[in-house]
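First the structure, in the form of structure tokens, and then the observations on it.
The values are calculated or read from the model by the stated rules, or taken from the named source; none is laboratory data. Quick caveat: nothing in here was measured; it's all calculated off a predicted structure. Reconstructed Cβ throughout: ideal geometry from the backbone, glycine too, with neighbour counts over all protein chains shown.
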Amino acid sequence: MNKKGVKPPLRYFLLFVFVILLLGAARYFERLTVPMHRSFCPQSVVTTNVTRSASSINQNRPALPATPQEVLQLRRANYEQPRALIPPRNDVLTVTPWLAPIVWEGTFDPDMIDSMYKSSNITIATTVFAVGKYIQFLRDFLETAEKYYLSGLRVHYYVFTDQPQEVPRVELAVGRNISIIQVPKYSRWQEISLRRMEIIQRTIEERIHIEADYIFCMDVDMKFHSRWGPETLGTLVGVLHPWYYEFTRDQFTYERRPESAAYIPMEEGDFYYMAAVFGGSVKEVHALTKKCHEHLEVDKSKDLEAIWQEESHLNWYLLYNKPTKVLSPEYLWDDQKGGLPKDIKVKRFSAVIKNKWEVRDNV
């Protein structure tokens, strides 16, 4: 025994117990204090950081449709089974050589597509130019769009016009709105066409990038006839020209002058796309309009104008920046072609018959 009457082994045991209790108490108080430290973090700082992060993600990648698990819960077995050896269409090309789908009637289940996208909380910007006499087509465009275009989804129309007071009042569904943006009237209709890429690019930079996930850019002298659904959405979307989708590349009216920035050699080309409709994610369409605007300025500096203005530059862009989805001519028909051929099962959207000499300025 020592002077205090405690045996050494017992003293070591008590010391050991004391250390264990001390460590346990430290861990207990650590658990209590961590939430206290978190609660003293300024909430505005945390919220700002999260908001900025989410904003940057939304700008870099559009909102995605529902996950496969959510889709199965919504449409568990209420659709026809796909068959690996039985293609839905054998009369048309349904996938490109770079594995982008080509959307035709019969190649998708509209109910399943709707279920996927209507739960994804996305907004689709839609730009349209109603300048000069083309303002007369705006009412039909908007009224038929409200009946058939992306029904049940949030849509924001951006109407560019030189006559804001002439924009018709059209009843819009819940979650859909319209912004009227004044633009100048140019003396030549070709100038309006040439300026479109620049104006869309600028508007994306100023506001659309924070107001929408996807965007379609459309001509106004059009009308909808039947469903145009979210099966059309993709990262970069082009539409087959109704007059050229049966032709070979040497028959396409690409810009063939090497001095133009829109030049495409005779031995190159996939499809001929019509500029009356193009779209995709806001980020990708911004890249498209920016590059086309730059090329238009290059041609202008050489006193050149491509054969079909911005459509020539669009075709150059989509040749070297492959679209991730291609829409069949169902989504962009021309009523001047008359009746539908057997490969076109439904007319969804078409250019109206008009006298171009009457509606275009300085043809």
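Quick one: would you say I113 is farther than 21 Å from I353 by Cα and crowded, with 22+ Cβ neighbours inside 10 Å? Judged against the criteria, I113 is not a match.
Step by step: first the residues of region 243-270, then only those that are touching a residue at least 60 places away in the same chain (Cβ under 8 Å) and farther than 23 Å from I199 by Cα, then the one that is surrounded by the most Cβ atoms within 10 Å (Cβ to Cβ). Which residue is that?
Y254
Residues that are modelled with pLDDT of 95 or more, surrounded by fewer than 23 Cβ atoms within 10 Å (Cβ to Cβ) and more than 15 Å from the chain's Cα centre (by Cα): does region 280-288 have at least one? No, there is no match, as no residue in region 280-288 is modelled with pLDDT of 95 or more, surrounded by fewer than 23 Cβ atoms within 10 Å (Cβ to Cβ) and more than 15 Å from the chain's Cα centre (by Cα). Screening region 328-358 for residues that are in contact with a strand residue (DSSP E or B) (Cβ under 7 Å, 6 or more places away or on another chain) and of a type in the set (G, A, S) and picking the one that is farthest from V92 (Cα to Cα) gives A351. Total residues in region 301-312 satisfying the condition of being in contact (Cβ under 8 Å) with a residue 12 or more places away in the chain, over 30 Å from E105 (Cβ atoms) and either among the β-branched types (V, I, T) or in a helix (DSSP H, G or I) (or both): the figure is 1.
In the set L318, L296, L327, which member is surrounded by 24 or more Cβ atoms within 10 Å (Cβ to Cβ) and under 14 Å from Y273 (Cβ atoms)? Let's see the steps before the verdict.
Numbers: L318 fails: surrounded by 24 or more Cβ atoms within 10 Å (Cβ to Cβ); L296 fails: under 14 Å from Y273 (Cβ atoms).
Being surrounded by 24 or more Cβ atoms within 10 Å (Cβ to Cβ) and under 14 Å from Y273 (Cβ atoms) holds for just one of L318, L296, L327, which is L327.
Checking the structure you have, find out if any residue of region 143-159 is among the aliphatic types (A, V, I, L, M) and either closer than 24 Å to C292 by Cα or outside the structural domain of L288 (by TED's automatic domain parsing) (or both). Yes.
Six or more apart or on different chains, Cβ atoms under 8 Å: show the pairs whose first residue is in region 316-327 and within 14 Å of T94 (Cα to Cα) and whose second is in a helix (DSSP H, G or I). Correct list of pairs: K325/T232; L327/T232. Say whether the condition of being within 19 Å of Y158 (Cβ to Cβ), part of a strand (DSSP E or B) and touching a His at 6+ places or on another chain (Cβ under 6 Å) is met by at least one residue in region 176-197. Yes, the conditions are met somewhere in region 176-197.
Could you list, in sequence order, all residues of region 226-244 that are of a type in the set (G, A, S) and either under 19 Å from R154 (Cβ atoms) or not assigned by TED's automatic domain parsing to the domain that holds P341 (or both)? Walk me through how you get there before you give the answer.
Taking region 226-244 as the starting set, the residues that turn out to be of a type in the set (G, A, S) are 226, 229, 234, 238.
Residues satisfying the conditions are G229, G234.
Counting only residues that are at pLDDT 95 or above, crowded, with 16+ Cβ neighbours inside 10 Å and of a type in the set (D, E, K, R), region 163-197 holds 1 of them. Would you confirm whether or not region 321-336 contains a residue that is at pLDDT below 95, in the same structural domain as E246 (by TED's automatic domain parsing), in a helix (DSSP H, G or I) and more than 25 Å from P258 (Cα to Cα)? Yes, some residue in region 321-336 is at pLDDT below 95, in the same structural domain as E246 (by TED's automatic domain parsing), in a helix (DSSP H, G or I) and more than 25 Å from P258 (Cα to Cα).
Restricting to region 139-175, give me the number of residues that are in a loop (DSSP other than H, G, I, E, B) and of a type outside the set (D, E, K, R).
Residues of region 139-175 that are in a loop (DSSP other than H, G, I, E, B), as a first pass: 150-153, 162-163, 167-175.
Next, from what is left, pick out any that are of a type outside the set (D, E, K, R): 150-153, 163, 167-168, 170, 172-175.
Looking only at that region, the number is 12.
For region 131-142, the set of residues classified as under 18 Å from V277 (Cβ atoms) and either at pLDDT 95 or above or not assigned by TED's automatic domain parsing to the domain that holds A351 (or both) consists of F137, L138, D140, F141, L142, listed by residue number. Restricting region 142-162 to residues that are within 17 Å of D111 (Cα to Cα) and aliphatic (A, V, I, L, M), the residue that is surrounded by the fewest Cβ atoms within 10 Å (Cβ to Cβ) is L153.
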